[in-house]
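Structure first, commentary second.
The values are calculated or read from the model by the stated rules, or taken from the named source; none is laboratory data. Since this is a predicted model, take the numbers as computed values, not measurements. For neighbour counting, all protein chains shown are included, and Cβ atoms are generated from backbone atoms with ideal geometry for every residue, glycine included. Surface accessibility is based on the protein's heavy atoms, side chains included, excluding ligands, DNA and RNA. Shrake-Rupley method; radii C 1.70, N 1.55, O 1.52, S 1.80 Å.
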Amino acid sequence: YKMSRLSAAVPVEEYLAESHVLFYLGDAVNQLLEHKEEYTQFGLIRYFAEYFSSVKNSNHVLFREFNYIRATPHNKASFIRVFWRCFRQIGKSGELLSVQEYRSLLQLLCPDFSMEVVQSAARIVLMDDATDCLMSFSDFIYAFQLQFYYQEFLESVLVIYQDLLAGKSPNTVFVPTSALVEQLPSVVVEENDKEEQQRDGVEACLLADCVDALCDRFKHSHPSRACVREILDQTDKVSYYSFLMSLAKHEAINQSIGALPSRAELFFDPEMDQELDKLIAQISVSPGSNSSGSAVGGLKEVQRRASPRRNIHHRRKMEVESDGSTEETDSSEN
């Protein structure tokens with residue numbers, strides 16, 4: 001986190017809450033205690049230095065459990081970026097994949113990744129139509145970014161949207177607080193209601209006012225009010241999924257998250273291209289290697305090089321290595 005946050009003008013409690021330092025410190029201690037014999041031989045100072053270096057460089061989310069990668073905005077942004085860097089070649093080839101195939105890719109990085117998040121992202125792309133359709137990587141990843149990074153916010157917006165759709169006045173619409181987000185029941189919409197929802201939508205100005213009120217009291221991450229207003233001011237009526245698609249495509253929202261490049265540069269990553277070229281060269285000269293085994297080994301090598309410390313979850317020994325990255329992907333650090 002930037003040094004400006006350490007100024008006397010920022011209260012200690014506020015800094016700790018925004019930076020999630022205590023969360024990371026607690027996780028580092030838990031990991032150390034769980035694998036005490038393995039890591040104490042490297043020294044405690046070195047262990048903590050490696051742990052927080054990986055957090056800073058956004059390499060700490062590889063192979064971690066789902067509850068960990070979604071625990072902080074920085075973790076979410078880091079995971080989105082890792083997913084993009086590992087699998088952007090799929091988009092570069094123009095291949096279309098199904099929901100299940102995208103989930104399989106995500107599970108290579110996070111074995112217990114939630115299918116619900118993947119399905120919700122697919123609904124944004126497909127406007128809540130049949131989610132068994134194939135999707136391009138570029139369409140999916142920006143919808144996935146929105147769904148994963150702003151999940152709590154989107155769940156609250158859906159509650160507001162359905163109240164407006166049911167004909168409630170803005171004064172009686174239920175605006176969830178952050179404390180109630182986790183308690184919201186899963187919303188089931190009948191097929192007839194879905195058709196009406198897509199056809200008619202709600203008054204965009206009313207939804208804008210209610211979302212603005214939500215932002216007043218919302219403690220989780222949410223898109224900027226200016227971006228929300230800009231999208232909703234462009235139409236008289238809006239459906240829930242068309243609103244989400246506009247959010248997913250909005251470049252200012254993408255920049256504020258800080259995990260992905262613009263659409264024009266989505267498949268441009270010179271650093272990773274160099275790594276892949278090296279791997280391809282190694283595979284091509286490797287005697288007696290078969291293509292499938294080499295491909296799996298290559299993926300593992302890319303994942304190792306992406307992280308300055310071996311994955312604690314798999315109980316590998318730590319090695320001092322660096323990918324040279326000093327990027328910070330959590331926009332709250334800017």
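Remarks
- Any hit, region 96-109, residues being outside any loop (DSSP other than H, G, I, E, B), open to solvent by less than 30 Å² (accessible area, probe 1.4 Å) and of a type in the set (Gly, Ala, Ser): no
- Considering residues of region 248-269 that are charged (D, E, K, R) and part of a helix (DSSP H, G or I) only, the residue surrounded by the most Cβ atoms within 10 Å (Cβ to Cβ): Lys249
- Within region 102-129, tally of residues that are without any contact (Cβ under 8 Å) to a residue 40 or more places away in the chain, within 28 Å of Val211 (Cβ to Cβ) and of a type in the set (A, V, I, L, M, F, W, C): 6
- Any pair with Cβ under 6 angstrom, 6 or more apart, that starts in region 16-38 at a residue that is touching a residue at least 12 places away in the same chain (Cβ under 8 Å) and ends at one that is open to solvent by 50 Å² or more (accessible area, probe 1.4 Å) and of a type in the set (Ser, Thr, Tyr): Ser19/Tyr1
- The requirement of being among the aromatic types (Phe, Trp, Tyr), open to solvent by 50 Å² or more (accessible area, probe 1.4 Å) and more than 20 Å from Leu126 (Cα to Cα) is not satisfied by Phe218.
- Residue tally, condition without any contact (Cβ under 8 Å) to a residue 60 or more places away in the chain, aromatic (Phe, Trp, Tyr) and closer than 25 Å to Arg103 by Cα, over region 45-67: 1
- Whenever a residue of region 220-232 is closer than 8 Å to Leu247 by Cβ, its partners that are surrounded by 14 or more Cβ atoms within 10 Å (Cβ to Cβ) and of a type in the set (Ser, Thr, Tyr), lying with C-beta atoms within less than 9 angstrom and at least six residues away or across chains, give the pairs Pro223/Tyr150; Pro223/Ser256; Cys227/Ser256; Ile231/Ser246.
- Residue in region 229-238 that is among the basic types (Lys, Arg), farther than 26 Å from Ala77 by Cβ and surrounded by 14 or more Cβ atoms within 10 Å (Cβ to Cβ) present: yes
- Comparison of Gln41, Gln89 shows that the only residue that is part of a helix (DSSP H, G or I), surrounded by fewer than 17 Cβ atoms within 10 Å (Cβ to Cβ) and in contact (Cβ under 8 Å) with a residue 60 or more places away in the chain is Gln89.
- Filter pass, Arg70 being within 16 Å of the chain's Cα centre (by Cα), modelled with pLDDT of 95 or more and open to solvent by 80 Å² or more (accessible area, probe 1.4 Å): yes
- Among the candidates Met272, Met245, residue that is in contact (Cβ under 8 Å) with a residue 40 or more places away in the chain and either loosely packed, with under 14 Cβ neighbours inside 10 Å or farther than 19 Å from Arg81 by Cβ (or both): Met245
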